[in-house]
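> I have a structure I would like to understand better, so I am pasting it below and will then ask my questions one at a time.
The values are calculated or read from the model by the stated rules, or taken from the named source; none is laboratory data. The structure displayed is predicted, hence computed values, not measured ones. With ideal geometry, Cβ positions are generated from the backbone for all residues, glycine too; neighbour counts draw on all protein chains shown. Ligands, DNA and RNA are excluded from the accessible area calculation, which covers all protein heavy atoms including side chains. Shrake-Rupley method; radii C 1.70, N 1.55, O 1.52, S 1.80 Å.
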Amino acid sequence: MATFANKALVVLDMPHDAICADEKDPKNLGLYDVLERPKEWLSRGCRVPCATTHSYADWNEIRQGMSQMVEPVEHVCSNDNGRETRVFPIGGDNVHDFFETNFNERMLQRPSPFAYDWAVRLGASEPHEAELFTQLQGEVMWDYVGVLLVRSGILLMNEDVVADVWKYFKKIKMPTPKNFDGAIDFPRGNDVLNDPAAKSFKLEHYLKHYYDNQKKACTRKQKQIYISTDDPKKAFQEVKAFGANGKLRFTVSKCLSFRFVVGLAGSARKRNSKDFTGSCAARYGDIVKDIGDYMIMRKATTFMGEIHTDLGRLARTDRLILNPKETTDFSKLVISDTKTQGNIHPGPPGW
């Protein structure tokens, strides 16, 4: 939305002492701490506006007041240098409504007087890329947006956090992400409340392409499959019901066998909910698990999912690439290796 509106995007995280007031050496929990910081193309180098007169609590109060309005209103404040800044304070709980009300139709409009410049701000590096973007509509347009954003480096994780993820992998003896033949976005708990259709997808649904291809590509190599889930207990039960033994291994034929690894981030998804009041150290541990979960979905040879979860949608977006072959078929312009049965919901990347 910021790139479309030609506005600088500045992230204001909750102060650490407001979350971890009673803890020594608290871990960083904000979005700005988890992602790599050099994103000046997005923030344009702007600092948090009116920092002297407006604290986090002030901006949050203004944002909450605006959430009751049909359209958020610009808040005007003065900086130390006397210059005024116009700000749209938007939080995670009202950004969806703001997008649907103010941006969705305008972004999809074709022809559009805004599309070319929007593509340039998203990171289109060549004129023909921006020109092509002006012709795209619907799901392929959103995928193209995703490719440009990923290419910009916006999803790069902070090196210190990634280092902690690798330490965690080593501690629990987790195989490296690239050693997984497949990763499945497999919600079974809280995540399905927002998408009841997810309940109908059994394990075999996601493994269908392996069954279909086993005779074409017969190999005795065991397929190592990672299951990303918000409820490891239920996922484990379904793997056992599928036929796997105590070591979560299952042989289909001489050409196909599986070894399953049930996800490490189940508790993290629940603990990061609004109801969680645990220590900051525990919250940071959950962030490490979440990012580890995401890294495996991102790096596994194949990703399977109808995309019902935030992490799943993010992983799918991060795996998108532009077709290296020239094509006039817009449906083949962006390549996705995500295996689905056609239930990916169109919309903005990560939506």
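> Would you pick out the residues in the stretch 218-231 that are at pLDDT 90 or above and of a type in the set (Val, Ile, Thr)?
Ile225, Ile227
> A further question on this structure: List the number of the failed condition for Glu100; all other conditions in (1) in a loop (DSSP other than H, G, I, E, B); (2) over 20 Å from Trp59 (Cβ atoms); (3) among the acidic types (Asp, Glu) hold.
Result: Glu100 fails condition (1) only.
> Mind listing just one residue for me: the one in the stretch 56-97 that is open to solvent by 90 Å² or more (accessible area, probe 1.4 Å) and under 24 Å from the mean Cα position of the chain (by Cα) and, of those, modelled with the lowest pLDDT?
This residue is Asp93.
> Go through (1) crowded, with 19+ Cβ neighbours inside 10 Å; (2) over 17 Å from Lys299 (Cα atoms); (3) modelled with pLDDT of 90 or more one by one and return the number of the condition Lys171 breaks.
Answer for Lys171: the failing condition is (1).
> While we're looking at this one, here's another question. Go through the stretch 109-134 and give me each residue that's open to solvent by 80 Å² or more (accessible area, probe 1.4 Å), touching a residue at least 40 places away in the same chain (Cβ under 8 Å) and not in a loop (DSSP other than H, G, I, E, B).
Scanning the stretch 109-134 gives a single hit, Asp117.
> Just the residues that are within 23 Å of Ala281 (Cα to Cα) and not hydrophobic (A, V, I, L, M, F, W, C), please, taken from the stretch 143-167.
Result: Asn158, Glu159, Asp160, Asp164, Lys167.
> Step by step: first the residues of the stretch 153-168, then only those that are hydrophobic (A, V, I, L, M, F, W, C) and part of a loop (DSSP other than H, G, I, E, B), then the one that is surrounded by the most Cβ atoms within 10 Å (Cβ to Cβ). Which residue is that?
Leu155
> Another one. Can you tell me which condition Val150 does not meet? The list is (1) more than 30 Å from Thr328 (Cβ to Cβ); (2) in a helix (DSSP H, G or I); (3) at pLDDT 85 or above, and all the others hold.
(1)
> Ok, one more. Right, Lys234: modelled with pLDDT of 85 or more and farther than 17 Å from Ile296 by Cβ or not?
yes
> Just checking, which of Glu139, Glu159 is in contact (Cβ under 8 Å) with a residue 24 or more places away in the chain, closer than 24 Å to Asp318 by Cα and in contact with a Pro (Cβ under 8 Å, 6 or more places away or on another chain)?
Glu139
> Hey, among Phe201, Phe242, Phe186, which residue is at pLDDT 90 or above and either within 21 Å of Ile287 (Cβ to Cβ) or surrounded by 14 or more Cβ atoms within 10 Å (Cβ to Cβ) (or both)?
Phe242
> Oh, and also: Can you work out which of the residues in the stretch 257-276 that are aliphatic (A, V, I, L, M) and at pLDDT 90 or above is surrounded by the most Cβ atoms within 10 Å (Cβ to Cβ)?
Val262
> Further question on the same structure: Can you pull out the residues in the stretch 295-328 that are aliphatic (A, V, I, L, M), at pLDDT 90 or above and surrounded by 24 or more Cβ atoms within 10 Å (Cβ to Cβ)?
Result: Ile296, Met297, Ala300.
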